[in-house]
Amino acid sequence: MIPFISKRLFVALCVCLTVSALSFALMFLSGDPAIAIAGSGGRAEDAEAIRIAYGFDRPIVVQYFDWVGSALVGNLGQSIYFNVPVTEIIGNRVGVTLTLGFISFFVALVVAIPLGIAAALRPNGWIDRIALVIAVSGQAIPSFWLGLMSIVVFGVWYGWVPISGAASWQGYILPVIVLSYYAVPELMRITRSGMIEVLGTDYIRAAKAKGLPMRLVISRHALRNAVLPLVSLAAVQLGQLLSGSIVIESVFALNGLGRLAWESLLRSDLPVVQAIILILALLYVLLTTLADILNAVLDPRLRGAS
Amino acid sequence: MIETILDIQSLRVSLPTDRGVLNAVRGVDLQIKRGQTLCLVGESGCGKSLTAMSIMGLLPRYAQVTSDRFEMVGQDLSKKTEAKLAKMRGRDVAMIFQDPTSALNPTLTIGRQLTEGVMRSEGLSRKEADARAIELLDRVGISNPAARLTQYPHGFSGGQRQRIMIASALMGRPRLLIADEPTTALDVTIQAQILQLLGELQSDLGLSILLITHDLGVVAAIATEVAVMYAGRIAECASASDLFATPMHPYTKGLLAAIPVPGVTPRGCELPAIPGRVPGLIGTMNGCAFRDRCAHSLSRCADDPVPQYYPGTGRFVECVKAAEAET
Ligand SMILES: Nc1ncnc2c1ncn2[C@@H]1O[C@H](COP(=O)(O)OP(=O)(O)OP(=O)(O)O)[C@@H](O)[C@H]1O
Ligand SMILES: [Mg+2]
């Protein structure tokens with residue numbers, strides 16, 4: 001297990017370095033950052049002064065290591081637009097995104113896994129059919145439309161929940177429902193197909209042949225093998241829920257990271273965009289690494305293979 | 001009188017399919033006495049595995065099963081609830097499978113898989129169950145058994161895994177062991193070892209074995225009784241020596257054309273090909289199912305019911321000609 005984990009962590013570290021280099025390069029993607037900061041009306045002397053003030057005149061490798069070094073101690077630079085540390089802006093926004101993402105993820109798992117199992121136990125039964133309808137509609141209906149419709153119906157007509165914002169916990173109800181609705185289909189389908197495959201194996205028949213009750217056959221023998229593919233998918237899904245909620249955050253007027261990224265992009269506030277991309281990319285690396293380790297905990301064959 | 005472990009009469013198993021109801025098992029009679037090894041032989045698709053699964057109570061939910069008698073160790077299984085049947089599994093009857101690499105759960109330790117059944121059914125403590133597992137692993141020829149309990153299946157070879165499966169099946173001290181082609185997936189030398197092990201265990205433990213196989217060499221090596229199955233029915237049933245000496249059913253005669261002799265026929269001797277094809281099992285069928293492939297068929301062979309002939313204790317043939325020849 002230890003060699004497996006250290007190997008995985010080493011790979012993760014390499015990916016982190018690549019990711020950091022790419023997000024660093026973003027700064028230079030739009031041309032000379034000094035001119036970008038000086039603004040379109042800025043004079044050449046201003047740009048030159050900015051270049052020296054920000055250190056853009058130094059060799060790029062030096063700039064990169066300087067940037068990585070300060071990122072490691074929690075300094076992601078200054079926002080050009082707000083002129084305050086990027087970490088401070090992100091710190092104000094990240095709570096909303098994390099709350100929304102993790103709750104939606106949890107809700108999606110709680111719905112998708114039991115539904116997937118129930119569908120697998122009776123393929124083509126009525127639960128399976130309902131599950132299929134949910135899956136297909138979840139993939140066919142655009143999320144902004146569902147978000148807007150739910151606001152109209154539950155916020156405007158019935159007035160059950162706030163129309164926008166996250167001032168109270170009720171503000172999270174609709175966004176969580178809409179967001180998790182999109183995570184459910186894939187999670188459910190992979191649970192269902194994994195479960196159907198596992199239920200057909202000889203070791204499940206052997207477990208039944210030992211006289212174990214069906215409840216134990218499923219929980220001890222089937223589920224553990226069926227969730228292996230689910231773990232990797234869930235990690236990616238969680239990453240998407242934490243990073244890809246720009247649309248939902250905009251529709252529900254939630255001040256999260258997704259919205260911040262979008263606004264900063266419009267304002268050409270590159271240090272903020274850069275920091276968000278870096279954080280989300282590192283988050284993906286962290287999640288997939290955790291998923292791999294969790295899979296190795298569940299499946300001894302993976303540990304042996306390392 | 002020797003105790004009857006399994007007594008089945010007129011077992012029928014039907015499965016709904018897209019093309020209609022598949023009558024896969026169409027009235028099977030089987031009897032196994034204590035200490036006997038009954039080999040069930042027959043072509044692929046004739047219903048051997050479904051017969052075994054119905055004894056285990058492990059048929060798919062949609063399968064329809066009926067029988068006139070279904071008794072195991074003196075108990076009527078047809079009157080039992082699913083919960084009571086589950087209690088008998090592992091304790092009265094246990095099963096080993098064809099492919100030992102897929103019959104062990106890859107994510108659980110050997111020890112867990114061996115002990116989980118008896119810890120529930122007999123209420124054994126972890127220590128007692130481990131002790132029994134170690135004893136059985138030792139008995140089936142797994143070296144250093146105590147250390148193996150904490151290992152996972154992927155570290156073992158196919159032959160070792162089949163030994164572990166046998167040990168696992170014996171944990172509940174069953175009276176009847178069902179083995180569905182237990183050596184097909186193994187190479188020849190390992191096959192011989194596994195068969196020898198089964199034979200030894202049988203005499204040591206007074207076990208009865210129902211062994212399903214395609215391999216007449218396996219039959220010659222281990223069977224005390226043989227039931228020849230054709231298209232969902234038992235065509236002929238006899239002691240192994242009688243069957244090899246004087247096969248009566250034309251289908252059995254066809255199978256034995258390779259003249260397997262107990263102790264002489266090498267293992268790996270597959271059933272010889274008989275010209276013609278097995279009839280489809282969808283819908284009803286009248287008369288003898290083998291008549292289209294039979295060299296001696298008569299017009300009466302299409303009549304129902306096909307006469308049955310009992311030429312001696314435990315012997316049984318279902319054939320017009322065989323019945324007439326003797327009367
Ligand atoms: N779950 C099922 N659903 C539908 N048909 C089935 C099912 N299981 C088996 N059958 C059919 O029932 C018939 C008997 O199957 P069975 O598995 O008992 O054959 P078998 O004698 O064990 O063959 P083999 O030697 O190939 O293992 C076959 O025609 C098979 O296609
Ligand atoms: Mg079979």
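The values are calculated or read from the model by the stated rules, or taken from the named source; none is laboratory data. Note that this is a predicted model, so its numbers are computed, not measured. Cβ sites come from the backbone with ideal geometry, for glycine too, and all protein chains shown count toward neighbours.
Criterion applied to B:169, B:238 was being crowded, with 24+ Cβ neighbours inside 10 Å and not in a helix (DSSP H, G or I), and the one residue passing it is B:238.
Only residues that are over 13 Å from residue B:97 (Cβ atoms), within 14 Å of another protein chain (Cβ to nearest Cβ) and among the small types (Gly, Ala, Ser) were counted in segment B:143-182, giving 3. Figure legend. Inter-residue proximity from segment B:201-222: first residues within 13 Å of ligand 1 (Cβ to nearest atom), second residues in a helix (DSSP H, G or I) and basic (Lys, Arg), beta-carbon distance below 7 Å, spacing 6+ or different chains. Indicated pairs: B:212/B:48. Is it the case that some residue within segment B:75-92 is at pLDDT 90 or above, crowded, with 22+ Cβ neighbours inside 10 Å, within 20 Å of residue B:3 (Cα to Cα) and more than 16 Å from ligand 2 (Cβ to nearest atom)? There is at least one residue in segment B:75-92 that is at pLDDT 90 or above, crowded, with 22+ Cβ neighbours inside 10 Å, within 20 Å of residue B:3 (Cα to Cα) and more than 16 Å from ligand 2 (Cβ to nearest atom). Report yes if residue B:196 is touching a helix residue (DSSP H, G or I) at 6+ places or on another chain (Cβ under 9 Å), outside any loop (DSSP other than H, G, I, E, B), modelled with pLDDT under 90 and away from ligand 1 (no atom under 16 Å from the Cβ), otherwise no. The answer is no for residue B:196.
Does segment A:273-282 contain at least one residue that is more than 14 Å from chain B (Cβ to nearest Cβ), within 27 Å of residue A:188 (Cα to Cα) and either in contact (Cβ under 8 Å) with a residue 60 or more places away in the chain or of a type in the set (Lys, Arg) (or both)? Within segment A:273-282, one or more residues are more than 14 Å from chain B (Cβ to nearest Cβ), within 27 Å of residue A:188 (Cα to Cα) and either in contact (Cβ under 8 Å) with a residue 60 or more places away in the chain or of a type in the set (Lys, Arg) (or both). Of the residues examined, residue B:68 is not one that is under 23 Å from residue B:315 (Cβ atoms) and crowded, with 17+ Cβ neighbours inside 10 Å. Is one or more of the residues making up segment A:284-306 under 18 Å from residue A:92 (Cβ atoms), crowded, with 17+ Cβ neighbours inside 10 Å and away from chain B (no Cβ under 14 Å)? Scanning segment A:284-306 turns up no residue that is under 18 Å from residue A:92 (Cβ atoms), crowded, with 17+ Cβ neighbours inside 10 Å and away from chain B (no Cβ under 14 Å).
So, restricting to helices (runs of 4 or more DSSP H) that lie completely within segment A:156-270, which ones have at least 2 residues that are in contact (Cβ under 8 Å) with a residue 60 or more places away in the chain and within 14 Å of chain B (Cβ to nearest Cβ)? Give the steps one after another, and end with the answer.
Values: elements: A:173-199, A:202-209, A:223-243, A:246-251, A:257-266.
Helices (runs of 4 or more DSSP H) meeting the threshold: A:173-199, A:223-243.
Reported count of residues in segment B:42-67, each being near ligand 1 (Cβ under 7 Å from one of its atoms), assigned to a loop (DSSP other than H, G, I, E, B) and within 11 Å of chain A (Cβ to nearest Cβ), is 1. The single residue among B:104, B:114 that is buried (at least 17 other Cβ atoms within 10 Å of the Cβ), within 9 Å of chain A (Cβ to nearest Cβ) and of a type in the set (A, V, I, L, M, F, W, C) turns out to be B:104. Could you give every pair whose Cβ atoms fall below 6 Å, whose first residue belongs to segment B:48-66 and is under 19 Å from residue B:10 (Cβ atoms), and whose second residue is of a type in the set (S, T, N, Q) and within 14 Å of ligand 2 (Cβ to nearest atom), counting only separations of at least 6 or pairs across chains? Every condition considered, the pairs that remain are B:65/B:54. Restricting attention to segment B:68-83, which residues are within 14 Å of chain A (Cβ to nearest Cβ) and over 16 Å from residue B:52 (Cβ atoms)? Correct list: B:80, B:81, B:82, B:83.
Of all the criteria given as (1) of a type in the set (Ser, Thr, Tyr); (2) more than 16 Å from ligand 2 (Cβ to nearest atom); (3) more than 24 Å from residue B:22 (Cα to Cα), the one not satisfied by residue B:102 is (2).
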